[in-house]
Each structure stands twice: as structure tokens, then as C-alpha cells.
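Visitor: My questions all concern the structure below.
The values are calculated or read from the model by the stated rules, or taken from the named source; none is laboratory data. Here the structure is a predicted model, which is why all the values come from computation and not from measurement. Note that we place each Cβ from the backbone using ideal geometry, even for glycine, and neighbour counts take in every protein chain shown.
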Amino acid sequence: MKKLTDKFGRQITYLRLAVTDRCNLRCQYCMPAQGIDIVDRHDLLSYKEMYRITRVLSELGVNKVRLTGGEPFVRKDFINFLESLSFNNQLDQINITTNGALISNHISKLEELGIGTINLSLDTLKKEKFLKITRRDLFDKTMKTFEKLIASKLELKLNIVIQPKVNTDEILDFIELTKDKDIAVRFIEEMPFNGKGLRKTDEVWNLNRIYSEIEKIYKNITPIKDKKSSTSKNFRINNYKGTFGIIPAFTRTICNDCNRIRITATGMFKNCLFDDGVFNLRDFIRKGASDDELKQLFIDTVNQKPKNGFVAEANRKNKTISESMSTIGG
Ligand code: SAM
Ligand code: SF4
């Protein structure tokens with residue numbers, strides 16, 4: 001089987017696929033209050049197209065898919081799409097990133113489908129602050145999902161975007177969740193995408209700063225040996241059930257072991273989170289490309305994967321990063 005390998009020897013085994021650009025929240029760091037200009041429905045990849053792209057990639061060695069968005073569950077029939085993907089036995093893992101507000105009734109179905117990890121985005125444990133960050137009053141629904149996920153068989157990771165003067169005071173509360181819950185709490189460095197965030201501050205909360213905040217309180221932290229391609233640096237407080245991690249999304253110290261590609265909801269292929277899209281698959285497919293042509297395109301495009309996120313950013317045609325993370329998929 002031909003494999004997807006770039007010129008730095010990194011093998012691509014992981015696809016992040018955004019199934020929609022729509023979202024039911026308006027997180028401050030992700031998009032402006034009025035939302036983003038969503039594209040016409042016809043310009044989104046159809047499920048059939050997404051299924052085909054995933055199958056072709058799985059024939060090139062991609063064995064893990066993460067479905068994201070926008071909010072994946074706002075797209076009609078998303079569960080049916082998950083079900084069809086679950087029949088692709090070349091995929092070892094189908095994971096989902098979600099804000100959780102719409103899914104408390106779907107947890108048992110997700111278990112039944114053998115979904116791997118759910119990454120639940122939850123930046124605060126406080127109702128009023130949740131409203132401020134997301135601009136939507138959906139805290140109770142999200143917490144209901146959180147509780148149901150903890151009680152389920154699904155592996156749960158919490159994604160917390162660290163926003164200076166907004167939720168840095170809750171870092172230790174999130175760590176305490178790992179005391180008796182077998183979950184992975186992951187703090188993400190905020191990236192300067194479309195949402196301007198709540199930050200009117202010079203404070204920089206990068207990996208080192210987040211870690212030292214935790215280290216001030218906890219003296220019994222053990223590093224966990226990460227999988228090579230892990231995006232987070234992971235740790236455990238001794239005797240705690242769960243783990244915590246920090247994702248250096250902005251300082252980008254993880255690029256050497258990158259194994260992923262991204263496809264946006266409109267079919268834009270991205271070799272890196274920080275590039276501005278290298279190829280529109282939707283148009284290629286709609287012009288009648290065969291599976292072999294698609295495979296060759298993937299092989300050639302992955303070969304050009306930039307060394308790291310800084311190179312990708314420098315190579316952008318459009319120098320300012322202004323797109324919303326909801327169009328990229330995070
Ligand atoms: N709507 C889903 C959710 O929020 O989980 C999936 C899409 S969202 C774009 C994927 C991830 O990107 C979420 O964990 C979110 O917190 C993160 N994200 C969005 N904007 C970000 C930013 N400016 N900096 C860092 N992470 C961001
Ligand atoms: Fe929606 Fe996720 Fe962006 Fe929040 S981070 S606005 S939930 S896409």
C-alpha cells in the first residue's frame with residue numbers, strides 16, 4: 001500500500017475533518033458575536049463526498065479520523081454519517097470534538113457506534129462565565145453532557161482554551177476534576193484567529209506559564225510518556241485518576257512529530273493548521289476525479305507539507321490569519 005509521507009519523513013495517519021462551518025455557540029476566541037459568513041449549503045462537502053475522501057485516505061494509511069466543525073452535531077444526519085464511517089474497518093479510531101450542548105441524548109448511540117474519544121470543549125465550570133465566553137446560555141445542557149460522558153464508556157478529554165483574565169483562575173479547579181475522574185483535562189494556548197477573544201491584556205499564557213501555575217500548588221506531578229504524535233504535554237498528579245495536559249497550539253513546539261492533515265467543511269485541504277489551504281478537493285471531486293487521481297493528489301500535496309507551523313504561516317498568500325477556527329475545525 002502506498003503511504004502518505006512528507007519530505008521530512010513524517011507519515012500522515014490522522015485526518016481532522018470539519019463536517020460543517022455552522023455552530024450553535026459564538027465563543028469569543030473563535031468567532032465574532034454576529035457569527036461568521038457561513039457558506040451556501042451546496043458549497044459544503046456532502047456526506048457522500050466526505051465518506052469517499054475518508055475512504056481514499058484510509059487506503060493510504062490514515063487510520064484515525066477526528067470529526068469537528070463548527071459544531072458537528074448541528075449538521076443534520078451527523079449520526080447517520082458516523083454510522084456509515086464506522087463500517088470502514090481500515091479506521092482504528094473515529095473521534096469527535098464537540099461543544100456538547102446538543103448531544104446529551106446521543107451518548108448511548110455514540111457508545112454503540114464504537115466512537116473512540118470525545119473531546120468536549122468546556123472553558124469554565126461557572127454558568128455566568130460560560131455565557132460570557134460562548135455568548136449562549138447553554139451551560140446546563142453542556143454540563144449534563146459532561147456528566148453523562150463521565151458515566152459512559154467513552155474516553156473523555158476536556159479542551160480548555162486558556163484566556164488571560166477570563167479563566168486562568170480556574171486552572172486548579174480543572175486539575176481537581178482529575179482527582180476522582182478518569183478524564184484528560186487539556187489546557188490549550190489561545191491562538192489569534194477570527195474571534196478577538198476577551199483579552200485586552202498583555203499577559204501571555206503559554207505552556208510554560210500554565211505549567212508553572214500548576215507547579216506552584218502541586219509538588220507531586222509525574223510527566224507521562226506521550227505518544228510521539230501527541231499534541232499535548234501530559235502529566236498526572238500522583239494518585240489522581242485522571243491526567244492533565246497542555247497543548248502548545250500557538251508556540252508550536254510539537255510540529256516535528258505531526259501526523260495530521262485537515263480538511264475544512266468546504267473541502268479545502270490543509271497540510272497545517274496555520275496554512276491558508278493548499279487545494280480544494282470539493283471542486284476536484286465535482287469535476288469527476290477518479291480515486292486514483294485523488295490518491296495521487298494526496299501523495300503529492302502531503303509531500304509539500306511545511307516543516308512547521310511557522311513556515312506554514314510565512315508561506316500564506318493571505319498574511320493575516322483572519323479565518324475563524326470554526327471554518328478550520330481547530
Ligand atoms: N465546536 C466544536 C468545539 O468547540 O469543540 C468543534 C470545533 S472547535 C473550532 C475545535 C476546538 O478549537 C475547540 O476545542 C475550541 O476550543 C478550539 N479553538 C477555537 N478557537 C480557538 C482559538 N482561537 N485558540 C485555541 N483554540 C481554539
Ligand atoms: Fe463553536 Fe467550537 Fe468555535 Fe465555540 S469553539 S464557536 S463551539 S466552533
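Visitor: Which of the residues spanning segment 127-166 are within 16 Å of ligand 2 (Cβ to nearest atom), assigned to a loop (DSSP other than H, G, I, E, B) and of a type in the set (A, V, I, L, M)?
Guide: Leu138, Val166
Visitor: May I pose another question? Got a number for residues in segment 49-77 being part of a helix (DSSP H, G or I) and not charged (D, E, K, R)?
Guide: 10
Visitor: In segment 212-264, how many are hydrophobic (A, V, I, L, M, F, W, C) and farther than 28 Å from Ile150 by Cα?
Guide: 6
Visitor: What about Leu57, is it closer than 22 Å to Leu154 by Cα, aliphatic (A, V, I, L, M), surrounded by 15 or more Cβ atoms within 10 Å (Cβ to Cβ) and within 19 Å of the chain's Cα centre (by Cα)?
Guide: no
Visitor: When only residues in segment 34-54 that are within 16 Å of ligand 2 (Cβ to nearest atom) and surrounded by 19 or more Cβ atoms within 10 Å (Cβ to Cβ) count, which is farthest from Arg136 (Cα to Cα)?
Guide: That would be Leu44.
Visitor: Same structure again: For segment 78-109, which residues satisfy the criterion of being more than 16 Å from ligand 2 (Cβ to nearest atom), part of a helix (DSSP H, G or I) and modelled with pLDDT under 95?
Guide: Of everything in segment 78-109, just one residue is more than 16 Å from ligand 2 (Cβ to nearest atom), part of a helix (DSSP H, G or I) and modelled with pLDDT under 95, namely Asn105.
Visitor: Also, I was wondering about something else. What residue, of Glu83, Glu71, Glu49, is touching a helix residue (DSSP H, G or I) at 6+ places or on another chain (Cβ under 6 Å) and acidic (Asp, Glu)?
Guide: Only one candidate passes the filter, namely Glu49.
Visitor: Are any residues in segment 134-176 touching a Gly at 6+ places or on another chain (Cβ under 7 Å) and either closer than 21 Å to Asn234 by Cβ or of a type in the set (Val, Ile, Thr) (or both), and if so, which ones?
Guide: Thr142, Thr145, Phe146, Glu155
Visitor: For segment 185-204, state whether one or more residues are among the polar types (S, T, N, Q), at pLDDT 95 or above and not in a helix (DSSP H, G or I).
Guide: no
Visitor: Can you confirm whether Leu25 is under 15 Å from the mean Cα position of the chain (by Cα) and either within 14 Å of ligand 2 (Cβ to nearest atom) or among the small types (Gly, Ala, Ser) (or both)?
Guide: no
Visitor: Moving to a separate point now. Can you tell me which residue among Asp123, Asp173, Asp180 is surrounded by 21 or more Cβ atoms within 10 Å (Cβ to Cβ) and of a type in the set (D, E, K, R)?
Guide: Selected residue: Asp123, the only one of Asp123, Asp173, Asp180 that is surrounded by 21 or more Cβ atoms within 10 Å (Cβ to Cβ) and of a type in the set (D, E, K, R).
Visitor: Now a separate question. Kindly establish whether Leu57 is within 16 Å of ligand 1 (Cβ to nearest atom), touching a residue at least 12 places away in the same chain (Cβ under 8 Å) and in contact with a helix residue (DSSP H, G or I) (Cβ under 7 Å, 6 or more places away or on another chain).
Guide: Answer is no for this residue.
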